[in-house]
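Have a look at the structure below, then the notes.
The values are calculated or read from the model by the stated rules, or taken from the named source; none is laboratory data. Keep in mind that this is a model prediction, so the values were computed, not measured. FYI the Cβ positions are ideal-geometry reconstructions off the backbone, even for glycines, and counts take in every protein chain you see. These accessible areas exclude ligands, DNA and RNA; they are computed on the full protein's heavy atoms, side chains included. Shrake-Rupley method; radii C 1.70, N 1.55, O 1.52, S 1.80 Å.
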Amino acid sequence: MDKQDRVNFKLGAKQQVSNNFKFYLLLSILWMAMQWIGGSMYARDLNWAERVLSDGSATVGWNGFFSFAGLFFLVASMLRMGVRLTMIDLDRGKIEADNPIQRSFALFDKGQYFLGWIFISILTGIFVALWSLLFVFPGIIKAYAYSQAFYIYRDAVDRGEKMTALEAITASRKLMDGNKAFLFIMDLSFILWFMVEAITFNIAGLFVNPYYDLTRAKFYNQLVVRQQDVPGGTRFTAPGHESEN
């Protein structure tokens with residue numbers, strides 16, 4: 001993939017979100033609301049903790065300070081993954097742009113999706129943390145290497161194939177070989193958008209987040225399709241992109 005591919009992914013995603021903004025807004029609104037609530041609770045609890053500590057109190061512990069905020073962040077992560085799965089399917093033409101709120105719960109469409117997401121998230125978190133102990137850059141590299149693991153796993157489930165979390169992580173590492181820098185640069189190209197989101201108190205995020213997630217969905221779909229054309233490459237055929245063999 002090259003610079004033109006990044007341009008095409010972003011232009012295509014921006015046009016789709018702009019043309020059907022109401023759908024993408026409703027699709028993403030729940031996870032954004034959960035994240036905003038969690039962030040507000042975290043900031044409130046952190047300020048309270050600082051005030052307690054500044055008073056010199058030794059009787060108040062840290063347990064429970066961030067538990068509710070963490071719960072909202074967890075729910076936001078689940079819903080966002082459902083949104084991303086929906087966007088992948090939309091880009092493949094598998095589904096229609098309808099029932100946005102319902103589709104945001106796509107992670108729970110199958111028990112295998114949810115369990116796979118849990119195990120893959122835990123394992124990738126552990127692996128990235130261990131690599132980060134060496135230095136921050138190996139951790140970042142591995143985070144990008146493992147970034148497509150759950151999507152690969154979900155596609156395997158949809159094909160009726162058995163795949164473990166470790167196998168999905170390994171498959172992602174192979175699929176991202178030679179593509180990590182491309183995705184990293186593509187993410188960096190959104191920095192100005194994220195800055196606009198920050199200075200508008202997340203209001204711009206109502207557009208920026210669907211735009212970003214759909215761009216990444218297009219990246220994954222194209223990555224899978226192109227991998228099929230690599231002689232001797234690992235086959236990552238996705239539902240809706242079956243080969244003719």
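For region 148-223, report the accessible area per residue in Å² (1.4 Å probe, heavy atoms, rounded to an integer). It would help to have the intermediate numbers written out before the result.
Details: 3320 Å² over 76 residues.
Using a 1.4 Å probe on heavy atoms only, each residue of region 148-223 averages 44 Å².
Convert each backbone phi in region 103-120 into a coupling constant with the Karplus relation 6.51 cos²θ - 1.76 cosθ + 1.60 (shift: θ = phi - 60°), then list the ³J(HN,Hα) values in order as whole Hz, x for Gly and Pro.
Going residue by residue, I get 5, 5, 9, 4, 4, 9, 5, 9, x, 5, 4, 4, 5, x, 4, 4, 5, 5 Hz, with x marking Gly and Pro.
If we sort 148-156, 23-31 on the protection proxy, mean other Cβ atoms within 10 Å, highest first, what's the order? Don't skip to the end; give the middle numbers.
On the way: 148-156: 25.3, 23-31: 21.4.
Ranking the peptides 148-156, 23-31 by packing returns 148-156, 23-31.
Taking R0 as 30 Å, what's the FRET efficiency between residue 190 and residue 99 from their Cβ-Cβ distance, rounded to 0.05? If you can, show how the numbers build up before the last one.
Details: r = 28 Å, r/R0 = 0.92.
Calculated transfer efficiency: 0.60.
Of 94/162; 3/218; 3/142; 14/94, which ones are farther than 24 Å apart at the Cα? Show your work: numbers first, answer last.
On the way: 94/162 22 Å; 3/218 14 Å; 3/142 22 Å; 14/94 20 Å.
As for pairs spanning more than 24 Å Cα to Cα, there are none.
Once the whole set of protein chains is in place, how much accessible area is left on residue 218, using a 1.4 Å probe, in Å² to the nearest 10?
The accessible area comes out at roughly 30 Å².
How large is ³J(HN,Hα) for each residue in region 5-13, as worked out from phi by the Karplus curve 6.51 cos²θ - 1.76 cosθ + 1.60 (θ = phi - 60°), to whole Hz, x for Gly and Pro?
Along region 5-13, the couplings run 5, 4, 4, 5, 4, 5, 5, x, 5 Hz.
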